[in-house]
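Here's the structure, in structure tokens; my notes come after.
The values are calculated or read from the model by the stated rules, or taken from the named source; none is laboratory data. In this text the structure is predicted, and so the values were computed from the model without any measurement. Cβ: placed from backbone, ideal geometry, glycine included. Neighbour counts: every protein chain shown.
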Amino acid sequence: MEYIIIIISAVFVNNILLAQFLGVCPFFGASNKVETAIGMAGAVTFVMTLATLITWLLFYYVLVPLQIEFMQTVGFILIIASLVQMVEIILKKISPSLYRALGIFLPLMATNCAIVGVAILVVTKEFSFGGAAHLLNLPESIAFAVANALGFGVALVIFAGLREQLALSDVPKAFRGIPIALVTAGILSLAFMGFSGLV
Amino acid sequence: MNKLQIITKGIIKENPVFVLLLGMCPVLGTSSSAINGLGMGVATMMVLIMSNAVVSIVAGAIPNQVRIPAYIVVIAGFTTVVQLMMQAYTPGLYATLGIFIPLIAVNCVLLARAEAYASKNSVLNSVFDGLGIGLGFTLALTALGAVRELLGSMSVFGYKFASGDGMLVFILAPGAFIALGYLIVIFNKLTKIKA
Amino acid sequence: MAKESSLKNMLLCLFGVTLGVSALLGGVYILTYESIELAKKNEVNAAIAAVVPAFDNDPSVEIIEKVVDGKKVKIYPALHGGEPVGYAIEASTTQGFSGLIVLMIGFLPDGTIHNSAVVSHAETPGLGDKIEQKKANWSLQFNGKHPDNFKLSVRKDGGDVDAITASTITSRAFCDAVELAYKAFLTVTQQ
């Protein structure tokens, strides 16, 4: 039950893109085509889950015992950047087809604030899933990461669909490109607000 | 190019938000009021000036292949410095801006300036570049914050202009996207006419 | 400009940069540590001072932590000249429109609500955030009321509290938290 709440909350109610504004750069960068959006969403899911797992372990088994929690930002970013490099190398070796699908998005992951953001959120923010407020434990953190990645994917793919339509319509000159995309994202975000209060 | 030009180019011609469209997450996430936007802008500017200065000093000694990771470490380091400072001396603002303070470290504006400007220019010029881009970022954030606050709660910097609630949607998430979209259009119109 | 890359200088350089940054951070951490602790303590003390009459002890040292109805509650007794002048009670609810709401409620020794403050919440700006006193004076209606003859639920549910327009859920959650704080208050005073 608790995990269902985590997923619904992250995908619909507190959507990482449309309500929390994390990962907005790839949101506009990789949303021209639905196909690209799906690739991006896949890469984010993969890296976000792995990154959250590793940074959670790093935080509770290295930073906390050594009392150097203030190294959190530096440590997380280094770990995530090296993780992305490793995933890229391993993927190239063991699954060239997956690499072709996700490869071009991987270098962008290291500075994707959605991934660093979720990694930092799970160790700093208290959530109230299933009763009392608490910091998330490992399984909950993983669920939170997967759920947020799903939320990212859902918003990205819907938005890419909208932008494909938008490309065919006659937009005033000053609005072409990013401005009209921003306004569209605003309307999409408005639609997602209908889910608030659901959990 | 003199120092003043370095600064003004960051504010208008290469405005990181309105022209280069970089670092959108904090722009959207922390501009629900003018004061929040200003606080976030100044915090980012501090990190940018310090990281630009250090990158420009060490750039010559860093081998080409590891320069990006090295810059990221420098930027993340200064982000944490600013984070600790804010936690100590401006706890209220720190609590409001929340997750977006540590995320300054992954703001694309900072890495872009380190790579494209600071690593190729003198320390002094890099500091001025940081100041200019930082001011541009701060102005954009404050402007967006002021517009959202004005439309959403009929006040600017907490000063109330008219009674009533205003259009709530502008304080909420959708308003951030829509207001930024329109501001970019207006900025484009104004600067294109000038040019 | 940039040097040629070799494994040795790449490792040396990254190690050097990381070491430098770590040293810097360690230094700043030690410099700011006391101020951060002080700021955190001041935040709690300010919330306590806002909700109870003037006191001369240090309530955050004399904190009593209790579990009431399965929820953690923090009770800060405020004393003046050794006599209790009030209790600041931090209680929370997860029933808000956007989840967690943490409140600090001040009770006088006889159980009358003196004042309340919102410690943290994630309610909708412009609607549910009217529970904050700096946004609206909604929560002032609790001040000076005694929970024995002021039913802590919204009028829709048969209580005495005027709900915030369009934010009944938030108002209900607020009442829940006050109710919880009152229960905690009773466990301390009725001993």
Residue in the stretch A:104-119 that is more than 28 Å from A:G161 (Cα to Cα) and in a helix (DSSP H, G or I) present: yes
Unmet requirement for B:S51, which otherwise passes all of (1) under 17 Å from A:I120 (Cα atoms); (2) modelled with pLDDT of 85 or more; (3) within 11 Å of chain C (Cβ to nearest Cβ): (1)
Residues located in the stretch B:158-176, provided they are closer than 14 Å to B:V27 by Cα and either away from chain A (no Cβ under 11 Å) or touching a strand residue (DSSP E or B) at 6+ places or on another chain (Cβ under 8 Å) (or both): B:I171
Residue in the stretch A:63-78 that is touching a residue at least 12 places away in the same chain (Cβ under 8 Å), within 11 Å of chain B (Cβ to nearest Cβ) and surrounded by fewer than 18 Cβ atoms within 10 Å (Cβ to Cβ) present: no
Residues of the stretch B:44-63 satisfying the condition of being in contact with a helix residue (DSSP H, G or I) (Cβ under 8 Å, 6 or more places away or on another chain) and of a type in the set (G, A, S): B:S51, B:A53, B:S56, B:A59, B:A61
Positions within the stretch C:41-62 being modelled with pLDDT under 80 and surrounded by 13 or more Cβ atoms within 10 Å (Cβ to Cβ), in sequence order: C:D58, C:P59, C:S60
Number of positions in the stretch B:113-136 that are aromatic (F, W, Y) and modelled with pLDDT of 90 or more: 1
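Going through the stretch C:1-36 one residue at a time, which ones are surrounded by fewer than 12 Cβ atoms within 10 Å (Cβ to Cβ) and at pLDDT 85 or above? Walk me through how you get there before you give the answer.
Filtering the stretch C:1-36 for residues surrounded by fewer than 12 Cβ atoms within 10 Å (Cβ to Cβ) gives C:1, C:4, C:6-8, C:15, C:19, C:23, C:27, C:30, C:34.
C:F15, C:L19, C:A23, C:G27, C:I30, C:E34, listed by residue number.
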Of the criteria (1) more than 30 Å from B:L20 (Cα to Cα); (2) within 14 Å of chain B (Cβ to nearest Cβ); (3) at pLDDT below 85, which one A:F144 fails: (3)
Test: residue in the stretch B:80-91 that is in a helix (DSSP H, G or I), within 13 Å of the chain's Cα centre (by Cα) and within 10 Å of another protein chain (Cβ to nearest Cβ): no
Hey, B:L139 closer than 28 Å to C:T124 by Cβ and part of a helix (DSSP H, G or I) or not: no
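Looking at this structure, is A:E88 touching a strand residue (DSSP E or B) at 6+ places or on another chain (Cβ under 8 Å) and under 22 Å from A:G23 (Cα atoms)?
Considered against the rule, which asks whether it is touching a strand residue (DSSP E or B) at 6+ places or on another chain (Cβ under 8 Å) and under 22 Å from A:G23 (Cα atoms), A:E88 comes out as no.
B:V17 - would you say it is within 14 Å of chain C (Cβ to nearest Cβ) and touching a residue at least 40 places away in the same chain (Cβ under 8 Å)? Let's see the steps before the verdict.
Numbers: within 14 Å of chain C (Cβ to nearest Cβ): no; touching a residue at least 40 places away in the same chain (Cβ under 8 Å): yes.
In short, no.
Would you point out the residue of the stretch C:109-148, among those that are free of Cβ contacts under 8 Å to residues at least 12 places away in the same chain and in a loop (DSSP other than H, G, I, E, B), that is farthest from B:A173 (Cα to Cα)?
C:N137
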Residues of the stretch C:167-191 classified as within 19 Å of C:L100 (Cα to Cα) and exposed (fewer than 14 other Cβ atoms within 10 Å of the Cβ), total: 0
Tally, over the stretch A:140-181, of residues that are in contact (Cβ under 8 Å) with a residue 24 or more places away in the chain and either more than 30 Å from B:K192 (Cβ to Cβ) or in a helix (DSSP H, G or I) (or both): 27
Failed condition for C:G106, given (1) touching a residue at least 40 places away in the same chain (Cβ under 8 Å); (2) within 14 Å of chain A (Cβ to nearest Cβ): (2)
Every residue from the stretch B:92-117 that is in a helix (DSSP H, G or I) and more than 13 Å from every other protein chain (Cβ to nearest Cβ): B:R113, B:A116
Residue count, the stretch B:121-157 (criterion: of a type outside the set (V, I, T), buried (at least 21 other Cβ atoms within 10 Å of the Cβ) and either in contact with a His (Cβ under 6 Å, 6 or more places away or on another chain) or within 14 Å of chain A (Cβ to nearest Cβ) (or both)): 6
Qualifying position, being surrounded by 18 or more Cβ atoms within 10 Å (Cβ to Cβ) and over 18 Å from C:V17 (Cβ atoms), among B:Y71, B:Y94, B:Y89: B:Y94
Leading residue by the ranking (nearest to B:P174 (Cα to Cα)) among those in the stretch A:159-179 that are surrounded by fewer than 17 Cβ atoms within 10 Å (Cβ to Cβ) and away from chain B (no Cβ under 13 Å): A:G161
Options A:S141, A:S196, A:S169, A:S189: the member that is polar (S, T, N, Q) and touching a Ser or Thr at 6+ places or on another chain (Cβ under 6 Å): A:S141
Qualifying position, being of a type in the set (G, A, S) and within 30 Å of A:I6 (Cα to Cα), among C:G99, C:G86: C:G99
B:I62, sole failed condition from (1) within 22 Å of A:M71 (Cα to Cα); (2) among the hydrophobic types (A, V, I, L, M, F, W, C); (3) within 7 Å of chain C (Cβ to nearest Cβ): (1)
Output for the stretch B:174-195, where each listed residue is in contact (Cβ under 8 Å) with a residue 12 or more places away in the chain and in contact with a helix residue (DSSP H, G or I) (Cβ under 9 Å, 6 or more places away or on another chain): B:G175, B:A176, B:F177, B:A179, B:L180, B:L183, B:I184, B:F187, B:N188
Residue check, A:M40 within 14 Å of A:A114 (Cα to Cα) and either aromatic (F, W, Y) or more than 14 Å from chain B (Cβ to nearest Cβ) (or both): yes
Single condition C:I113 does not satisfy, out of (1) closer than 15 Å to C:L152 by Cα; (2) of a type in the set (V, I, T); (3) out of contact with any strand residue (DSSP E or B) (no Cβ under 9 Å at 6 or more places or on another chain): (3)
Filter result (in contact with an Asp or Glu (Cβ under 9 Å, 6 or more places away or on another chain) and more than 14 Å from chain A (Cβ to nearest Cβ)) within the stretch B:25-47: B:S33, B:A34, B:I35
